[in-house]
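The values are calculated or read from the model by the stated rules, or taken from the named source; none is laboratory data. Please read these numbers as outputs of a predicted model, since none were measured by experiment. Cβ coordinates were reconstructed from backbone atoms using ideal geometry, including for glycine residues, and neighbour counts include every protein chain displayed. Just so you know, the surface numbers come from the protein's heavy atoms only, side chains and all, with ligands and any DNA or RNA stripped out. Shrake-Rupley method; radii C 1.70, N 1.55, O 1.52, S 1.80 Å.
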Amino acid sequence: MIPLREARQAVLSQLTPLGAVRVPLASALATVAAEDVLAPGPVPPFANSAMDGYALRSVDTVAAPVDLRVVGTLAAGQESAVVVGPGEAVRIMTGAALPNGADAVCMVERTQALDGTVLVEVPVCAGEHVRLAGEDVRAGDLLVAEGTLLGPGHLGVIANSGATSVLVRRRPRVAVLSTGDELVNEGERLAPAKIHDANRPSLVALVTQSGMAASDLGIVADDLDRIVAALAGAAPHHDAIVVSGGVSVGDFDMVRVALDRISEGAMQWMQVAVKPAKPMAFGLLRGSGLPIFGLPGNPVSAMVSFELFVRPSLRLMAGHRVLDRPSVRAWTDEDFPRRPDGKLHLVRVCVRLDADGRVHVRPSGGQGSHQLSAMARADGLALLPDGEGVARGDRLVVLLLDAGELAPAPGLLPW
Ligand code: AMP
Ligand code: MG
């Protein structure tokens, strides 16, 4: 068995980020910027009002209350040549360009409109309620640095600067297939000794959830030539292949043999010191260098192996700097017993946040590598180190599988 750290290193060290493509902003969410994006001009592009009110000369309001003559009205988006002279004001709306002559805005709540004039009730300082040109972004500012994971705010900032597209790292297109003579498609009737394929639906979903493009390539029988043909056939249209089943030491475990035949240099077949997900095969396809991941067939092992190897690999290829899910130290609400076996155990756990925002975990159910129901219930994988286990009230490091979907800590939010 090889330690998880070494196994991951062996895989990740062979991968590099994919090339860059220019995409419309609408397609750029959750991709990684492949260029520095600089502001072509200032934002806002001109001084404008931060309030609905009156644009005026602040010196005119020193002895407020004061009556000013209203010489015009300015809406947002409206161009105007009006100039504010001494003793004058312009009715102005939020976002409208500040007219020449004015240096401040009095909010409408501090005024009384009279016939042709306005009573300004309080003195207004120079610059009050005025948003200056370039106050958010100056021309030439770095809006988004290369390597930034693009979120909604970045897309808004880029659009605000006038750009319609951005250069990003290509996201891997990932082919997913299952192998096994016992497998039938979901929805099909089960003949004796057959089972429904669970891995493709969950692995396709994991690829999609990672932000990558998944294609479902179906089920392939435990037949060396068919597996070789399926892998080779998928290669030209994809950036990675994820295949489950057939990487263990059974008589019909042909994926390992197939990978040996078609991979470049030494295909790595690993017995990783983890439970579940011990067997794993990884190789680069001869010729194209396309990475192929051979995951174990047991449904929980396949999903855990995806988390440990495939997801970080796909993220590396998509240019992400953060490869893993967030990890936290959590309090155990139950005992986590185990026996020494030289492996790191990845326990499927339910995660809850307590009233202080602390993270707590308990096993989500049966921990067999075929017991997918407990994986389905799990919010995280607790890292239970080799040894005799930990007792309730102790702490464990936990990989959060979908941190964004955890229920908020009770009573912590003010609403
Ligand atoms: P294997 O890795 O091919 O030796 O398979 C290990 C176990 O996982 C066996 O019990 C298989 O029937 C089961 N298995 C393999 N592939 C799948 C799949 N796609 N869906 C559900 N179970 C599977
Ligand atoms: Mg099999």
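Considering only the stretch 220-232, I want to know if a residue exists there that is more than 24 Å from PRO279 (Cβ to Cβ) and either away from ligand 2 (no atom under 16 Å from the Cβ) or assigned to a loop (DSSP other than H, G, I, E, B) (or both). Please lay out each step first, then the result.
Let us first name the residues in the stretch 220-232 that are more than 24 Å from PRO279 (Cβ to Cβ), namely none.
Within the stretch 220-232, not a single residue is more than 24 Å from PRO279 (Cβ to Cβ) and either away from ligand 2 (no atom under 16 Å from the Cβ) or assigned to a loop (DSSP other than H, G, I, E, B) (or both).
Is one or more of the residues making up the stretch 152-159 open to solvent by 50 Å² or more (accessible area, probe 1.4 Å), within 16 Å of ligand 2 (Cβ to nearest atom) and either in contact with a strand residue (DSSP E or B) (Cβ under 6 Å, 6 or more places away or on another chain) or without any contact (Cβ under 8 Å) to a residue 60 or more places away in the chain (or both)?
no
Would you confirm whether or not the stretch 124-147 contains a residue that is under 16 Å from LEU25 (Cβ atoms), assigned to a loop (DSSP other than H, G, I, E, B) and under 29 Å from the mean Cα position of the chain (by Cα)? Please lay out each step first, then the result.
Restricting attention to the stretch 124-147, the residues satisfying the condition of being under 16 Å from LEU25 (Cβ atoms) are 143-144.
Still in the running and assigned to a loop (DSSP other than H, G, I, E, B): none.
The answer is no, given that none of the residues of the stretch 124-147 is under 16 Å from LEU25 (Cβ atoms), assigned to a loop (DSSP other than H, G, I, E, B) and under 29 Å from the mean Cα position of the chain (by Cα).
Okay, residues lined up against (1) more than 21 Å from ASP181 (Cα to Cα); (2) open to solvent by less than 10 Å² (accessible area, probe 1.4 Å); (3) away from ligand 2 (no atom under 16 Å from the Cβ); (4) assigned to a loop (DSSP other than H, G, I, E, B):
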site: TRP269; (1), (2), (3), (4): yes, no, no, no
site: MET280; (1), (2), (3), (4): no, yes, no, no
site: GLY283; (1), (2), (3), (4): yes, yes, yes, no
site: SER288; (1), (2), (3), (4): yes, no, yes, yes
site: GLY294; (1), (2), (3), (4): no, yes, no, no
site: ALA302; (1), (2), (3), (4): no, yes, no, no
site: SER305; (1), (2), (3), (4): yes, yes, no, no
site: SER313; (1), (2), (3), (4): yes, yes, yes, no
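Give the stretch 109-133 a look and list any residue that's within 29 Å of ASN160 (Cβ to Cβ) and surrounded by fewer than 17 Cβ atoms within 10 Å (Cβ to Cβ), or say none. Talk me through it step by step, then tell me what you get.
Narrowing the stretch 109-133 to residues within 29 Å of ASN160 (Cβ to Cβ): 109, 124-133.
Correct list: GLU109, CYS125, ALA126, GLY127, LEU132.
Out of the residues in the stretch 236-254 meeting the condition of being aliphatic (A, V, I, L, M), in contact (Cβ under 8 Å) with a residue 40 or more places away in the chain and more than 8 Å from ligand 1 (Cβ to nearest atom), tell me which one is most open to solvent (accessible area, probe 1.4 Å).
From the stretch 236-254, those aliphatic (A, V, I, L, M) are 240-243, 247, 249, 254; that's our starting set.
Adding the requirement that they be in contact (Cβ under 8 Å) with a residue 40 or more places away in the chain leaves 240-243, 247, 254.
Next, from what is left, pick out any that are more than 8 Å from ligand 1 (Cβ to nearest atom): 240-243, 254.
Numbers: ALA240: 0, ILE241: 0, VAL242: 1, VAL243: 0, MET254: 45 Å².
By that ranking, first place goes to MET254.
Each row is one residue, and each column tells you yes or no for (1) at pLDDT 95 or above; (2) within 16 Å of ligand 1 (Cβ to nearest atom); (3) hydroxyl-bearing (Ser, Thr, Tyr); (4) open to solvent by 30 Å² or more (accessible area, probe 1.4 Å).
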residue: VAL84; (1), (2), (3), (4): yes, no, no, no
residue: VAL90; (1), (2), (3), (4): yes, no, no, no
residue: ASN100; (1), (2), (3), (4): yes, no, no, yes
residue: ALA145; (1), (2), (3), (4): yes, no, no, yes
residue: ALA163; (1), (2), (3), (4): no, no, no, yes
residue: ALA175; (1), (2), (3), (4): yes, yes, no, no
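When you check VAL168 against the structure, is it assigned to a strand (DSSP E or B) and open to solvent by less than 80 Å² (accessible area, probe 1.4 Å), yes or no?
Details: assigned to a strand (DSSP E or B): yes; open to solvent by less than 80 Å² (accessible area, probe 1.4 Å): yes.
In short, yes.
Go through the stretch 73-123 and report how many residues are within 13 Å of SER49 (Cβ to Cβ) and part of a strand (DSSP E or B). Before the answer, list the steps.
First, pick out the residues of the stretch 73-123 that are within 13 Å of SER49 (Cβ to Cβ): 73-78, 80, 84, 89-99, 102-108.
Among the residues that remain, those that are also part of a strand (DSSP E or B) are: 73-74, 89-92, 97, 104-107.
The number of residues fulfilling the criteria is 11.
Kindly indicate which of VAL228, VAL257 is among the β-branched types (Val, Ile, Thr), open to solvent by 10 Å² or more (accessible area, probe 1.4 Å), without any contact (Cβ under 8 Å) to a residue 40 or more places away in the chain and away from ligand 1 (no atom under 14 Å from the Cβ).
Details: VAL257 fails: away from ligand 1 (no atom under 14 Å from the Cβ).
Checking each option against the conditions leaves just VAL228.
In the stretch 179-207, which residues are out of contact with any Gly (no Cβ under 9 Å at 6 or more places or on another chain) and surrounded by fewer than 13 Cβ atoms within 10 Å (Cβ to Cβ)?
Those that are out of contact with any Gly (no Cβ under 9 Å at 6 or more places or on another chain) and surrounded by fewer than 13 Cβ atoms within 10 Å (Cβ to Cβ): GLU186, GLY187, GLU188, ARG189, LEU190, ALA191, PRO192, ALA193.
Go through the stretch 188-209 and give me each residue that's without any contact (Cβ under 8 Å) to a residue 12 or more places away in the chain and within 16 Å of ligand 2 (Cβ to nearest atom).
ALA193
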